[in-house]
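Engineer: Mind having a look at this structure? Questions to follow.
The values are calculated or read from the model by the stated rules, or taken from the named source; none is laboratory data. These figures come from a predicted structure and were not determined experimentally. As a convention, Cβ positions derive from the backbone with ideal geometry for all residues, glycine included, and neighbour counts pool all protein chains shown.
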């Protein structure tokens, strides 16, 4: 393509230097296609938040911690499958390997690590760099923004809570030591998905609540870690040492989530000492399923309420 | 030209729009109309410009009164409205680690575009604002001028009918400011995207805008086509050279002109003359200068400026 001031290539870019040269085809044009509205906005935000949390499109230092957590969660499963393949016996039925619900003991560290270090960034960053105000100038509203963020965190946490167990289920099935029959297989699958998502939702709500209270990522990290570990320590002391009512475990994010997982798998929690020694620590198994479900729901509702309250104040400011 | 930009169309209108924060009146019963083209929303810091933009986006319900933007009520149809409006806030909102093209694509998706279309338009928008070659750079490595352009690119990427730009020249040097204003003019003229440009700098609003809405402490000072509000005024401006020999020439010219019944406002060596026709004022000024032995630096017809509007409002 030629013009009066010089030549341009097929993309309309000048190929000969000339002070008067201009890009005639600026490519920007009207758009009359489909627009996805609020649903599309939420999908876009969930997708970008998941990628952000896992470090995609970010420098390597932001990929290290989330993927370390995923690896920590997956490595035991890979080892178990390796052992099962080498020894060629049904290790779960023989009680050599932990059952599916017992695998959460191996995930817990990765889960707490992920929640403490990675999750706070997902809310704090948008407030710190001002993206929140830009998001609210789009079809997103406060509730849809927060719902998208919560969905993104829950989905990412589910990679840790569900991923390794799904890997175990599929690997054991292929190896020949999986659940018997399609019915059992589907039951285990539903239990894995249900417990994984339930635990992720509970911890997500708590982590986001803490993260909403500060614009400093470091403070949020400390707050989440204190909540996760502190609630374990305090309730453990109150119930096991001071022999108080085991319903106090409702305030123990780890224990109450663990109890819910056990109820979903239809088993009681294991003794911390590996045997029924009658200590008060075992009495969480005496709590009704309704109480356990309600306690987990309360964490989700309370966490959501704190986040909503905090963001309403930010919006009003 | 998009539908809303049809001649005579009112893009934005408000009726007694009022916003109070406690005892502070941020917007005081505003009745304004904005039409296609570039509208300058002008006023000093704290005049209520950002508050008005937030009200037009439906981000904050007004205390009283109403607004209509692109035929939609920001309060009840906010989501539909914001899908049609691009916005670039004054605050630096760019995440440093993101690439420019990813940032613009993401915002285009959030504004409702499909992923593939958002990717294409993000690239196109960055070319439009002159950052085509820089589109894969991370935002943290960009200069202030480039970051302002990225904010503009994300505002136009979804092909909005209306773009609200809050102080888009903030932090720019004079050259960058001129480039940004030129760009904004091109976006409006060549791509039929109407723009509301918020600024506290009167001269840049005069340079690029077709209409202005001027606010002062939440009150409406002026609203209309800029050609009617600024431009040719009455009288002439005579600026003299402050020479040593002969002495007192400026005083002599002033005295002579006053003696002939001409209205004179003096600021230093500049005399603003009124009270007669321009031809007569020019003749009298020429004669007075010749008689006093003074030297003319500038003699021109007086222009009404936005500053005059604000001065008149203050008095």
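Engineer: Looking only at segment B:266-315, count every residue that is within 23 Å of residue B:204 (Cα to Cα) and assigned to a helix (DSSP H, G or I) and tell me the total.
Structural biologist: 9
Engineer: For a quick check of your reading: which strands (runs of 3 or more DSSP E) sit entirely within segment B:3-90 and have at least 2 residues that are in contact with a helix residue (DSSP H, G or I) (Cβ under 8 Å, 6 or more places away or on another chain) and either within 22 Å of residue A:315 (Cα to Cα) or within 11 Å of chain A (Cβ to nearest Cβ) (or both)?
Structural biologist: B:12-21, B:24-30, B:64-69, B:85-88
Engineer: Suppose the filter is in contact with a helix residue (DSSP H, G or I) (Cβ under 9 Å, 6 or more places away or on another chain) and more than 9 Å from every other protein chain (Cβ to nearest Cβ); does residue B:115 pass it?
Structural biologist: no
Engineer: Kindly provide the set of residues from segment A:125-145 that are buried (at least 19 other Cβ atoms within 10 Å of the Cβ) and either part of a loop (DSSP other than H, G, I, E, B) or more than 8 Å from chain B (Cβ to nearest Cβ) (or both), ordered by number.
Structural biologist: Of everything in segment A:125-145, those that are buried (at least 19 other Cβ atoms within 10 Å of the Cβ) and either part of a loop (DSSP other than H, G, I, E, B) or more than 8 Å from chain B (Cβ to nearest Cβ) (or both) turn out to be A:126, A:132, A:136, A:137, A:138, A:139, A:140, A:141, A:144, A:145.
Engineer: A follow-up question, please. Does residue B:170 satisfy being modelled with pLDDT under 95, closer than 21 Å to residue B:11 by Cα and not in a helix (DSSP H, G or I)?
Structural biologist: Here the answer is no, as residue B:170 does not meet what is asked.
Engineer: Being buried (at least 24 other Cβ atoms within 10 Å of the Cβ), under 16 Å from residue A:28 (Cβ atoms) and touching a strand residue (DSSP E or B) at 6+ places or on another chain (Cβ under 9 Å) is the filter here, so list the residues in segment B:118-149 that pass it.
Structural biologist: Listed by number, the list is empty, since nothing qualifies.
Engineer: Another question, then. Identify all residues within segment A:115-172 that are touching a strand residue (DSSP E or B) at 6+ places or on another chain (Cβ under 9 Å) and touching a residue at least 60 places away in the same chain (Cβ under 8 Å); write none if there are none.
Structural biologist: A:138
Engineer: Counting only residues that are within 14 Å of another protein chain (Cβ to nearest Cβ) and out of contact with any strand residue (DSSP E or B) (no Cβ under 9 Å at 6 or more places or on another chain), how many does segment B:180-204 have?
Structural biologist: 6
Engineer: Being touching a helix residue (DSSP H, G or I) at 6+ places or on another chain (Cβ under 8 Å) and loosely packed, with under 14 Cβ neighbours inside 10 Å narrows it down to one of B:210, B:251, B:216, B:242, so name that one.
Structural biologist: B:242
Engineer: Here is a further query. Would you pick out the residues in segment A:49-59 that are without any contact (Cβ under 8 Å) to a residue 12 or more places away in the chain and either within 8 Å of another protein chain (Cβ to nearest Cβ) or surrounded by 18 or more Cβ atoms within 10 Å (Cβ to Cβ) (or both)?
Structural biologist: Correct list: A:57, A:58, A:59.
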